[in-house]
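The values are calculated or read from the model by the stated rules, or taken from the named source; none is laboratory data. As the structure is a prediction and not an experimental result, all values here were calculated from the model. Positions of Cβ are backbone-derived with ideal geometry, glycine not excepted, and every protein chain shown enters the neighbour counts.
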Amino acid sequence: MLFVMGAIFIIDSATGYEIAVSVFYAGVILTAAPILSRNALMVLSGTCTAVTLLSFAITAQGDYRAGLVNMTISIVSILMTAHLVLKMAAARAAARDAQARLLRIARVRSLEGLTTSIAHEINQPLAAVVTSGNACQRWLGQDPPNVDKARQGLQRILDDATRAGDIIARVRSLTKGEPPRRLAFDFNEAIREVVDLSRTEMARAAIVLEVDLNPGLPLALADRLQVQQVAGNLLLNAIDATALVPPGRRTIRLISARDEDMIVFSVRDSGTGLAEGVRDRLFEAFWTTKAHGLGVGLSLSRTIVEANGGHISAKSNKEGGALFWFSVPFQDKEPACQS
Ligand code: ADP
């Protein structure tokens, strides 16, 4: 390629202004396009334009005006070719991306994919059942056995198992397109339950958690379990993103507040943040940047929040990390009783 460029340069400089050999640089760009990256192609087009100008400057013979016109035509064709080649590369990348998403959809439609999505939702209560079960075994194995503690552990097992069952029932009703069961509930209490399920994971990842739940909130009017699913998903994503930054800089802040006629819950993390262009794709189904991600969490969250009469959104933090928040309507003007 360098040889061809050199030959073009020599012929262009040695011949008169009227002979515009530099237009062949467009051919060089076309030939190099399949093997060069986007940046390398831009550098190549810049180099071709620069050597065209250089040839013009050192050409000593011929009609200067004709040379000027020819040089302009050459430069325009070099830049147009580069522009078209870059556009084609972008279109090819988009087609590859669409193909990858189709594959993912095909996978999720398979039995394995379906199992993974359900597992994604019920993993937390099941993990909690195992933890409580182990604790029960220890309490019963003590001499004398700590029956009270074991009974509390059993109650937690029952609660978590019921929750897992409820989630499955709710996943089934979602696929059947049933509307959410919107009842009044204490929003902060529901959030605390979700947070408690994630504490072990956050401690393991050395994440500092700040919880700022406004005690004066009215009762939320939404499907409690669905709201918990959304909050849990935002929290899990925040944990994933935060675990990728060095320990000591890992914080997650949860805030509940009232904003006019809605309750707003936000999850602010100090994680990897949202790269440019990512924000538009976050809520797309099957879009993920994680090796083992499914990309269904946020799209499902949006469906759920909107079915409950709220909104969900995200943006980058100025100090780094991401900020996700969603809103749900409330029922009363009176504050909820605090637990
Ligand atoms: P999954 O977690 O399976 O990838 P999601 O729909 O929950 O699916 O998330 C989609 C993508 O959004 C993630 O792969 C990640 O790139 C991005 N994302 C979600 N939450 C965050 C966050 N808190 N910080 C940075 N990126 C995030």
So, in the stretch 275-310, exactly how many residues are exposed (fewer than 14 other Cβ atoms within 10 Å of the Cβ) and within 21 Å of residue 258 (Cβ to Cβ)? 1
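It is to be established whether one or more residues within the stretch 123-144 are of a type in the set (Phe, Trp, Tyr) and part of a strand (DSSP E or B). Let's see the steps before the verdict.
In the first step, residues of the stretch 123-144 are kept if they are of a type in the set (Phe, Trp, Tyr); the result is 139.
Imposing the further condition that a residue be part of a strand (DSSP E or B) reduces the set to none.
Checked against the condition, which is being of a type in the set (Phe, Trp, Tyr) and part of a strand (DSSP E or B), the stretch 123-144 yields no hits at all.
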Every pair of residues 6+ apart whose Cβ atoms lie under 8 Å, when the first sits in the stretch 199-210 and is in contact (Cβ under 8 Å) with a residue 60 or more places away in the chain while the second is among the polar types (S, T, N, Q): 200/131
Identify, please: which residue in the stretch 297-321 is in a helix (DSSP H, G or I) and not small (Gly, Ala, Ser) and is, among those, nearest to the chain's Cα centre (by Cα)? 298
Only one residue in 294, 282 is modelled with pLDDT under 85, at negative phi, within 8 Å of the ligand (Cβ to nearest atom) and part of a loop (DSSP other than H, G, I, E, B). Which one? 294
Which numbered condition residue 324 fails, given (1) of a type in the set (Phe, Trp, Tyr); (2) within 23 Å of residue 193 (Cα to Cα); (3) part of a loop (DSSP other than H, G, I, E, B): (3)
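Considering only the stretch 152-253, give the strands (runs of 3 or more DSSP E) lying wholly within it that have at least 1 residues that are within 15 Å of the ligand (Cβ to nearest atom).
208-213
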A careful count of residues in the stretch 197-214 that are over 22 Å from the mean Cα position of the chain (by Cα), of a type outside the set (A, V, I, L, M) and more than 22 Å from residue 312 (Cα to Cα) gives 3
Return the total of residues in the stretch 66-75 being over 11 Å from residue 23 (Cβ atoms) and either of a type in the set (Gly, Ala, Ser) or at pLDDT below 85 (or both). 2
Can you pull out every residue in the stretch 297-322 that is within 10 Å of the ligand (Cβ to nearest atom) and closer than 22 Å to residue 121 by Cα? 297, 298, 299, 300, 301, 302, 314
I'm checking my understanding of the structure. Among residues of the stretch 125-160 that are more than 37 Å from the chain's Cα centre (by Cα) and acidic (Asp, Glu), which one is farthest from residue 233 (Cα to Cα)? 143
For the subset of the stretch 258-278 comprising residues that are touching a Gly at 6+ places or on another chain (Cβ under 9 Å), over 13 Å from residue 324 (Cα atoms) and not β-branched (Val, Ile, Thr), which member is nearest to the ligand (Cβ to nearest atom)? 262
Residue check, residue 266 against (1) surrounded by 17 or more Cβ atoms within 10 Å (Cβ to Cβ); (2) touching a helix residue (DSSP H, G or I) at 6+ places or on another chain (Cβ under 7 Å); (3) not in a helix (DSSP H, G or I), all met but one. Which one? (2)
Residue 182 vs. criteria in contact (Cβ under 8 Å) with a residue 60 or more places away in the chain, within 30 Å of residue 332 (Cα to Cα) and touching a strand residue (DSSP E or B) at 6+ places or on another chain (Cβ under 7 Å): yes
Which count do you get for residues in the stretch 192-232 that are more than 27 Å from residue 332 (Cα to Cα) and crowded, with 17+ Cβ neighbours inside 10 Å? 5
Just one of (1) over 30 Å from residue 251 (Cα atoms); (2) surrounded by 15 or more Cβ atoms within 10 Å (Cβ to Cβ); (3) at pLDDT below 85 trips up residue 139, so point out which. (3)
